[in-house]
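Visitor: Starting off with a structure, shown below.
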Amino acid sequence: MSTILHLDLDAFFCAVEELHDPSLTGKPFAVGGRPEERGVVASCSYAARAQGVRSAMPMGRALRQCPELIIVPPQRSRYSHMSQQVMDRLHNLAPLVEQISIDEAFVDISDLCPDSNISSRLKVESLDTFESVAAGIGRKIQRQIMDELGLPCSVGIASNKLVAKIATETGKKGARGSSAPAALTVIEAGREAEFLSPLPVSMLWGVGPKTEEKLSSLGIHTIGQLATAGAENLAALFGENGRQMWHHARGIDERPVSPEHTAKSISQETTFSRDISDDKTLERTLKELSVEVGKNLRREKLAGTTIKIKLRWPDFTTLTRQATLPAATDLDEEIFQTALGLLRKTREPGAPLRLVGVGVSGLGAPARQMELWGAQTEKQRKIQSVIDDLQARFGDSIIKKGR
Amino acid sequence: MKVTVLQENLTRGLSAVSRAVSPRSTLPVLANVLIATDEGRLRLSATNLEMGITCWIGAKIEEEGSTTVPARMFADLVNTMPDNQVHLNLDTRTQTLHIQSGASKNDVKGIDAQEFPPMPVPDFDNAINISVADFKEMIQQVAFAASTDEARPVLMGVLVSVDKDTVTMAAADGYRLSVRKSTLSAVAPSPVTAIIPARALSELARIASDGEQQVQMVMPKGRGQVVFRVKDAELVSQLIDGTFPDYQQIIPRSHKSRTLVSTASLLKACKQAEIFAREGSNIVRLNIKNSGELQPGEVEISAHSEETGKNETLVEATVDGIPLLIAFNVKFLREVLEVIKTPNVAIETSAPNAPGVIKPVGDEHFLHVIMPMHLG
């Protein structure tokens, strides 16, 4: 029997901004682009949520909803640095960690918990019931992330990924008020279906608005109703997806926690809050993205031969251009120079862009081609590893390469 | 100008000069081929200002003259001519070239030959003479190791040095080095050292046909150019300015491990490994296992890719010295094995992070150095 912990950082971007500017604490504010720049809310504080502001809302509407809303421009590198700090702590908790987004991850904590079936049978002898042990682990990681990093998070623990994630969500929804929920919800093995039963079908993975509508027309609104609809009926209506849905409705999910080691490419992109036509700004962004990609490659102990850029024009047409290097790289500067060459070849100076991205594929072990007259690169490599080390310990802003 | 030429001669000539045409230049005339009568023959020239090729073909000349016409279009036209005889007739006033072959009549708008950059007319009296067969083999064994990275112009060239009766070519792209020597039939009038673009040498190897005896090379004083002459053709190239890095210093003087292996078997194993390696970081691993007292040694050649799978081949070898696991860019290893003519090849190295030296067994004239891949 596995035990899976799902962790979701509460209003992550806002929490990070509060650390940088404590005067924001308790105030309604949102991280995102300015309304005159077509900005949307990327994350909003709980005080803002209490006034009806939601993520992904256009900033203009958010301001009408909450006129005293403070708008904070996003600081990407801050978030990814803090996210990494959180993930490092999860890796220390247990080896199997699957990061699903910048602020969310699964951890397989099976080895840390007593087998829940056995413990419930032996309840009399053992005081360490599954529930108390699991809750203890959850509380411990929440406290550690709060104490060491100052970030609130919500945790769900269950026998599989599906139920653990929904547990986190229900915990967050249950908490009301203007501070972070920091919820902890543990679902004991065997009670998954019971837990899911009253919840709306839309909380299941794979049930989008269309499916929800179709189910609703059949009188199916809750997950419990879905579970009694029968696998064959659902398969007839929705195909293989329907069968999957029925399993999920009964709290069954067999997917293991899979750390992303088989990544086929590593990339970073950024959507501007308004179209950018300034060459300098674009090239600086490209540099930041390249640095981020390089760092991710080195952290994953990978290197790649193909450098790719992604560009989106104001009319939303998107194109990618790639170049292949003679040898695999994980060096920021080499990634940047190649990406810059591609950008300059693809884009007229001054042409506005909505989005730029940088990626590296053709990944393999970070073997590197040694050079005949190679003293220079060896030096660059040593500098890079010192920078990485400093940034990992003190944050990205501790040291930067001069331009 | 009024001339008659054979279609096959024209096709051959146009093909020889075609690689020097510069179709996207800001100077329109560079996309054209020069056609000029020249002492009873027809001269065809093309240039991209860095490299120029001239070729002479037999023709029946009724009226002297010259013009230039779009190279690509002219070649396509000639290739589809219905008759073996092609008549060229220039209207000098309009620079329109009338081309007739059988029932096909064409008018092609040209650009005045005056606008075509003049080609050098060097003096070949003090030329260095090299056998075409030797020279072609040298180019084939060296030019591929030159860099294609425009950021390092010096390495895009081949260092050619002539001293007394020895000619040496060396090229390196920063990761590998190819050096080949050859002996001249006559002592050169004076020592010469120059960096010649690898591309120009490859073109020379292409246009010099095997039956020809000698290639003549001259570097007219103060012009920064080299001119090669073979039968019926000349190639002129700008030399690359700069200092070629000292390559003698990076050729290892000793080794701790020497592996003798069949060139064909190793090449085959590399080609297979490349099928996997090219999906990832291009790495081939050579696990060199010592020969024991009585059993032979062997090399295990392997490659794997995160995405597609893995490959492994055992090749028999004679191994002297320490056993070793060394990794190379498989393309580099394959490319050098493809130009080695001897049945056996030796790989000499000292450590996984030390250069690998590849030598044809029984041929002292060729040497290749590949830097290994460092496995992180």
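Visitor: Quick one: if the Förster radius is 56 Å, what FRET efficiency do residue A:37 and residue B:256 give, using the C-beta to C-beta distance and rounding to 0.05?
Guide: After rounding, the FRET efficiency stands at 0.30.
Visitor: Tell me the net charge near residue A:253. Cut-off is 14 Å between Cβ atoms, residue A:253 excluded, with +1 for each Lys or Arg and -1 for each Asp or Glu.
Guide: My count for the surroundings of residue A:253 gives +1.
Visitor: Further question on the same structure: If you take the accessible area of B alone, add that of A alone, and subtract the area of the pair, what total do you get in Å², probe 1.4 Å, to the nearest 100?
Guide: Buried surface at the B/A interface: approximately 2000 Å².
Visitor: Tell me, how many Å apart are the Cα centres for the stretch A:33-80 and for the stretch B:304-355?
Guide: The two parts, judged by their Cα centres, are 59 Å apart.
Visitor: For the stretch B:96-172 and the stretch B:221-235, what is the separation of their Cα centres, given in Å?
Guide: The distance from the Cα centre of the stretch B:96-172 to that of the stretch B:221-235 comes to 7 Å.
Visitor: Return one whole number: the accessible area per residue of the protein assembly as shown in Å², for a 1.4 Å probe.
Guide: Solvent-accessible surface per residue comes out at 48 Å².
Visitor: Can I ask one more? Could you compute the FRET efficiency for residue B:83 and residue B:338, with r as their C-beta to C-beta distance and R0 at 41 Å, rounded to 0.05?
Guide: Rounded to the nearest 0.05, the efficiency is 0.45.
Visitor: Let me ask you something else. Under a Cβ-Cβ cut-off of 11 Å, what is the net charge of the residues other than residue B:329 that fall near it, where Lys and Arg count +1 and Asp and Glu count -1?
Guide: Neighbourhood net charge equals +2.
Visitor: Highest GNM mean-square fluctuation, chain B, Cα pairs closer than 10 Å: which of B:137, B:335, B:150?
Guide: B:150
Visitor: Quick one: grab the alpha carbon gyration tensor of the stretch A:233-390, order the square roots of its eigenvalues as a ≥ b ≥ c, and give me rounded if a/c is under 1.5, else prolate or oblate depending on whether a/b is larger than b/c.
Guide: Judged from the Cα gyration tensor, the stretch A:233-390 comes out oblate (a/c at least 1.5, b/c at or above a/b).
Visitor: For residue B:2, list the lysines whose Cα falls under 26 Å from its own Cα; do not include residues on the same chain fewer than 8 positions away.
Guide: B:60, B:105, B:109, B:231
Visitor: List the relative contact order of chain A as a percent without decimals, with contacts defined as Cα pairs under 8 Å and 6+ residues apart.
Guide: Computed value for chain A: 14 percent relative contact order.
Visitor: Mind checking which aspartates and glutamates have their Cα closer than 17 Å to the Cα of residue B:289? Skip sequence neighbours fewer than 8 apart in that chain.
Guide: Those aspartates and glutamates meeting the cut-off are B:298, B:300, B:312, B:316, B:320, B:348.
Visitor: So, one more: What is the percent carbon and sulfur in the accessible area of the stretch A:265-398, measuring with a 1.4 Å probe over the protein chains and ignoring ligands?
Guide: Taking all protein chains in place, the stretch A:265-398 shows 51 percent carbon and sulfur surface.
Visitor: Evaluate Rg over Rh across the stretch B:2-115, taking Cα atoms for both radii and Kirkwood's formula for Rh.
Guide: 0.93
Visitor: Please express the shape of the stretch B:96-212 as an equivalent ellipsoid: the semi-axes are the square roots of 5 times the eigenvalues of the C-alpha gyration tensor, given largest first in whole angstrom.
Guide: 35, 20, 16
Visitor: Another question about this same structure. Per-residue mean of other chain beta-carbon atoms within 10 angstrom of the beta-carbon, peptide A:180-187?
Guide: 0
Visitor: Multiply the residue gap between residue A:398 and residue A:193 by 0.36 nm, knock off their C-alpha separation, and tell me the result in nm, one decimal place.
Guide: Contour length minus the Cα-Cα distance gives 68.9 nm.
Visitor: Right, next: How much of the accessible area of the stretch B:111-228, in percent, comes from carbon and sulfur atoms when a 1.4 Å probe is used?
Guide: Using a 1.4 Å probe with all protein chains present, the stretch B:111-228 comes out at 49 percent carbon and sulfur.
Visitor: Shifting gears a bit: With a 10 Å radius around each residue's Cβ, average the other Cβ atoms per peptide and rank B:197-207, A:80-90, highest first.
Guide: Final packing ranking: B:197-207, A:80-90.
Visitor: From Cα pairs below 8 angstrom and at least 6 apart in sequence, can you work out the relative contact order of the stretch A:256-367, rounded to a whole percent?
Guide: 44 percent
Visitor: If you take the square roots of the eigenvalues of the alpha-carbon gyration tensor of the protein assembly as shown and sort them as a ≥ b ≥ c, do you get rounded (a/c under 1.5), prolate (a/b over b/c) or oblate?
Guide: Because a/c hits 1.5 or more and a/b exceeds b/c, the protein assembly as shown counts as prolate.
Visitor: Here's another thing I want to ask about it. Just add up the charged neighbours of residue B:37: K/R +1, D/E -1, any other residue whose Cβ is under 14 Å from the Cβ of residue B:37.
Guide: With Lys, Arg at +1 and Asp, Glu at -1, the neighbours total -1.
Visitor: Which three extents, in whole angstrom, do the alpha-carbon atoms of the stretch B:251-357 cover along their principal axes, largest first?
Guide: Extents along the principal axes: 39, 31, 27 Å.
Visitor: Among the listed pairs A:301/A:379; B:256/B:359; A:308/A:345; B:136/B:268, give every one whose C-alpha distance is greater than 21 Å.
Guide: B:136/B:268, as the Cα separations exceed 21 Å there.
Visitor: On to the next question. Once you have a ≥ b ≥ c as the square roots of the Cα gyration tensor eigenvalues for the stretch A:15-74, tell me rounded if a/c is under 1.5, and otherwise prolate or oblate according to whether a/b is larger than b/c.
Guide: Cα axes put the stretch A:15-74 in the oblate bin.
Visitor: Between residue B:49 and residue B:290, what is the label-to-label distance in nm when each label sits 7 Å out along the Cα-to-Cβ direction?
Guide: With each label point 7 Å from Cα toward Cβ, the separation is 6.2 nm.
Visitor: Residue by residue through A:353-366, how many Cβ atoms from other chains fall within 10 Å of the Cβ on average?
Guide: 3
Visitor: Rounded to the nearest 20 debye, what is the charge dipole size of the stretch B:202-264 about its Cα centre when +1 sits on each Lys and Arg Cβ and -1 on each Asp and Glu Cβ?
Guide: Dipole magnitude for the stretch B:202-264 comes out near 360 debye.
Visitor: So for chain A, what percent of the C-alpha to C-alpha distances run longer than 31 Å?
Guide: Across chain A, Cα pairs with separations above 31 Å total 50 percent.
Visitor: Per-residue mean of other chain beta-carbon atoms within 10 angstrom of the beta-carbon, peptide B:143-152?
Guide: Averaged over the peptide's residues, the number is 1.
Visitor: List the residue ranges in chain A for DSSP H helices whose C-alpha atoms run 18 angstrom or more along the long axis and whose Kyte-Doolittle average is -1.0 or above.
Guide: For chain A, where a helix must reach 18 Å along its axis and average at least -1.0, the hits are A:130-149, A:161-174, A:332-346, A:375-394.
Visitor: Which lysines does residue A:214 reach when only Cα atoms under 26 Å apart count, and residues fewer than 8 places away in its own chain are ignored?
Guide: Output for residue A:214: A:161, A:165, A:173.
Visitor: Please pull out the direction-averaged projected area of chain B, using the convex hull of its alpha-carbon atoms, in nm² to one decimal place.
Guide: It is 22.8 nm².
The values are calculated or read from the model by the stated rules, or taken from the named source; none is laboratory data. Just so it is clear, the structure is predicted and the values come from calculations on it, not from any experiment. So basically every Cβ, Gly included, is an ideal-geometry build from the backbone, and we count neighbours across all protein chains shown. In case anyone asks, the SASA skips ligands and DNA or RNA and just uses the protein heavy atoms, side chains included. Shrake-Rupley method; radii C 1.70, N 1.55, O 1.52, S 1.80 Å.
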